[in-house]
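Enquirer: Take this structure first; my questions come after.
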């Protein structure tokens with residue numbers, strides 16, 4: 001844009017009068033003045049564009065820095081500690097000591113994972129595929145809520161019955177409700 005304006009500046013700002021009369025001189029002066037004003041506005045627009053581009057670039061870098069700072073190193077330590085605590089019970093019983101169960105995959109009717117043995121909510125059951133029952137919700141640990149049962153799949157044939165909803169998971173032994181059954 002800057003190069004195009006510079007190339008046009010000479011031929012538009014310094015017009016010669018078409019004839020030697022006053023009218024031709026006034027028209028040439030009018031167009032020359034208009035061209036000079038255009039050049040000034042064009043320079044301002046170019047400066048604004050450059051400032052805007054700089055603001056976008058610097059704000060993108062600031063956003064990236066804020067995102068990087070918001071990832072807590074403490075979260076990594078907590079995850080590692082829970083992994084260390086849960087490893088023996090997962091090996092022996094197939095479920096963590098502390099933690100929530102995983103949700104069943106949608107469209108599969110898979111059951112939700114069981115919550116941690118001590119503390120943890122059960123995972124929600126996966127929804128069923130067409131004509132298939134929804135997955136059962138995962139059971140809670142001693143303290144926790146049972147996972148919700150998955151919704152049954154839609155009917156295979158028009159007017160037919162859809163799949164049954166999955167059963168809700170059992171609530172915690174000392175606290176927590178059982179999960180709601182899935183709709184069927």
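The values are calculated or read from the model by the stated rules, or taken from the named source; none is laboratory data. Since the model is a prediction, treat every value here as computed from it, not as a measurement. Heads up, the Cβs are rebuilt from the backbone with ideal geometry, glycines too, and the neighbour counts pull from every protein chain shown.
Enquirer: Which one of the conditions (1) farther than 30 Å from residue 3 by Cα; (2) part of a helix (DSSP H, G or I); (3) not assigned by TED's automatic domain parsing to the domain that holds residue 98 does residue 19 fail to meet, given that it meets all the rest?
Expert: Looking at each condition in turn, residue 19 falls short on (2).
Enquirer: Can you confirm whether segment 56-70 contains a residue that is modelled with pLDDT under 90, assigned to a helix (DSSP H, G or I) and touching a helix residue (DSSP H, G or I) at 6+ places or on another chain (Cβ under 9 Å)?
Expert: no
Enquirer: Quick check on my filter: what residues within segment 105-128 are under 17 Å from residue 164 (Cα atoms) and surrounded by fewer than 24 Cβ atoms within 10 Å (Cβ to Cβ)?
Expert: Correct list: 105, 106, 107, 108, 110.
Enquirer: Can you tell me how many residues within segment 34-89 are in contact with a strand residue (DSSP E or B) (Cβ under 7 Å, 6 or more places away or on another chain) and in contact (Cβ under 8 Å) with a residue 40 or more places away in the chain?
Expert: 0
Enquirer: Collect the residues in segment 105-139 that are outside any loop (DSSP other than H, G, I, E, B) and within 26 Å of the chain's Cα centre (by Cα), keeping them in residue-number order.
Expert: Scanning segment 105-139 gives no hits.
Enquirer: Considering only segment 78-104, state which residues are loosely packed, with under 13 Cβ neighbours inside 10 Å and assigned to a loop (DSSP other than H, G, I, E, B).
Expert: Scanning segment 78-104 gives a single hit, 94.
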